[in-house]
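Data first, discussion second: the structure below is written as structure tokens.
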Amino acid sequence: MASRSTAKRARPGAVSSKAAAGGLSPLAGLVLCSFLLTAIGAAILQVRGDPFAGAPRVQAPLLTPQSPPAPQGWAEALKAANPEAGRTVMEPVTVFGGAAQGEVSDGKSEALMVAPSLAPPANLHGQTMLVPAPISGLYSPGPDGPLPVIAKDGRTSASAYARPFSANGKPKIALIIGRLGQNASLTRQAIESLPGEVTLSFVPYASGLQGWIDLARQHGHEVLIEVPMEPLDYPANDPGPYTLLAAAPAKDTVARLDWILSRATGYFGVSNAFGSRFVNAQAPMETVLSSLRKRGLAFIDDGSAMASQGGLMRASADQVLDDQSLSPDAIGAQFLALEQAAKRQGQALGKGSAYPVTVAQARQWIGGLERRGFQLAPASALASQR
């Protein structure tokens, strides 16, 4: 009995006689059925064809959103129209409805400072266009492009490129929006949505810088160029390859400054970008201010260089609007502080950056400024000889 029961007990791993005879496990049967159904479907398609073959189909490529390009300025337009231009021009060129914009070259420079005839934009949102740049007599050829100079008749860029202004007796408030040119969408938004009285400040590294300046002036904005200066935490905080360094020799400082100034024309002055170390270094700052004075430019700082004089047109910001917080409430509080400063002093200058929240708050604040008893003024109107 013991031997029979042992013979009937199944051994682990043993295969039954039914399986050995060709039976399938449930999993194997499922796989076989799937294969057969696929084969049958393929055969039907071969005989009857694809039932959706005649239906319209749409294939949409996946596109990466791109920022719109900078507008074409006179320098870019000139190069596109005549790639060989820039060798030597021996005759002045008259454009912009009869205003002489060209200048006789010295026969040596590779840079051609002649403005082509560019049509004004179709919609200027009611803003008054400023005189197109460049203005004859206010520049000369430099190693990297045109450099501002004082004209033989005494005209300067600080006055010629500034927005005209007439005071009405109310406290004046000026607003500078800076760091423009890095983001094309935000730059265009600031140019087109803010009143022409708002001064715009551009980074020197911006692509298509001349085009942005031309567009800004077409919408009535006077323009500044930002000069990157050494901050206290440099080089951890690096404003770029042409940053003015406090310990650099004077000739190196002038060379870097000239490169920045030659990036475009049409600005009435410069402003500092960063510079917490540089603006407090007396000798380097004297080098910069002396160079700006000789070139007929104004210097507008963010409030950190108020002790610097320099014998040129100067203004300092009373309020930096968005350096502590980017919340709408915090920026709104800074605008209110700016109004209080204007009441005390008769005028006040605020400076902000091209953040969406700053531009939006600026539009809202400007909307009720006149009703509250203030006059919006360009920054140049607050500058004075120091």
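The values are calculated or read from the model by the stated rules, or taken from the named source; none is laboratory data. Nothing here was measured: the structure is a model prediction, and the numbers come from that model. We place every Cβ from the backbone using ideal geometry, glycine too, and count neighbours over all the protein chains shown.
Residue-level check: of (1) within 17 Å of MET313 (Cβ to Cβ); (2) out of contact with any Phe, Trp or Tyr (no Cβ under 6 Å at 6 or more places or on another chain), TYR161 misses just (2).
What do you reckon, is GLU230 closer than 18 Å to SER304 by Cβ and surrounded by 19 or more Cβ atoms within 10 Å (Cβ to Cβ)? Walk me through how you get there before you give the answer.
On the way: closer than 18 Å to SER304 by Cβ: yes; surrounded by 19 or more Cβ atoms within 10 Å (Cβ to Cβ): yes.
Against the criterion (closer than 18 Å to SER304 by Cβ and surrounded by 19 or more Cβ atoms within 10 Å (Cβ to Cβ)), GLU230 qualifies.
Elements of the type strands (runs of 3 or more DSSP E) sitting completely within segment 273-363 and holding at least 1 residues that are over 15 Å from ILE176 (Cα atoms) and touching a residue at least 12 places away in the same chain (Cβ under 8 Å): these cover 313-316.
Residue-level check: of (1) part of a loop (DSSP other than H, G, I, E, B); (2) under 22 Å from LEU376 (Cβ atoms); (3) β-branched (Val, Ile, Thr), THR265 misses just (2).
Report yes if some residue within segment 262-274 is among the β-branched types (Val, Ile, Thr), under 25 Å from ILE173 (Cα atoms) and at pLDDT below 95; otherwise report no. For segment 262-274, residues among the β-branched types (Val, Ile, Thr), under 25 Å from ILE173 (Cα atoms) and at pLDDT below 95: absent. The residues of segment 150-195 that are aliphatic (A, V, I, L, M), in contact (Cβ under 8 Å) with a residue 60 or more places away in the chain, in contact with a Leu (Cβ under 9 Å, 6 or more places away or on another chain) and outside any loop (DSSP other than H, G, I, E, B), listed by number, are ALA158, ALA160, ILE173, ALA174, LEU175, ILE176, ILE177, LEU180, LEU186, ALA190. With respect to the conditions (1) polar (S, T, N, Q); (2) modelled with pLDDT under 90; (3) within 25 Å of the chain's Cα centre (by Cα), SER157 lacks only one, and its number is (2). If we scan segment 191-204, do we find a residue that is among the acidic types (Asp, Glu) and more than 25 Å from GLN361 (Cα to Cα)? No, every residue in segment 191-204 fails to be among the acidic types (Asp, Glu) and more than 25 Å from GLN361 (Cα to Cα). Among the residues of segment 126-140, is any within 23 Å of PHE374 (Cα to Cα), surrounded by fewer than 19 Cβ atoms within 10 Å (Cβ to Cβ) and at pLDDT 95 or above? Taking every residue of segment 126-140 in turn, none turns out to be within 23 Å of PHE374 (Cα to Cα), surrounded by fewer than 19 Cβ atoms within 10 Å (Cβ to Cβ) and at pLDDT 95 or above. The residue that is surrounded by the fewest Cβ atoms within 10 Å (Cβ to Cβ), among those in segment 243-286 that are among the hydroxyl-bearing types (Ser, Thr, Tyr) and either at positive phi or out of contact with any helix residue (DSSP H, G or I) (no Cβ under 9 Å at 6 or more places or on another chain) (or both), is SER276. Among residues belonging to segment 287-332 that are charged (D, E, K, R) and within 21 Å of the chain's Cα centre (by Cα), point out the one that is surrounded by the fewest Cβ atoms within 10 Å (Cβ to Cβ). Result: ASP323.
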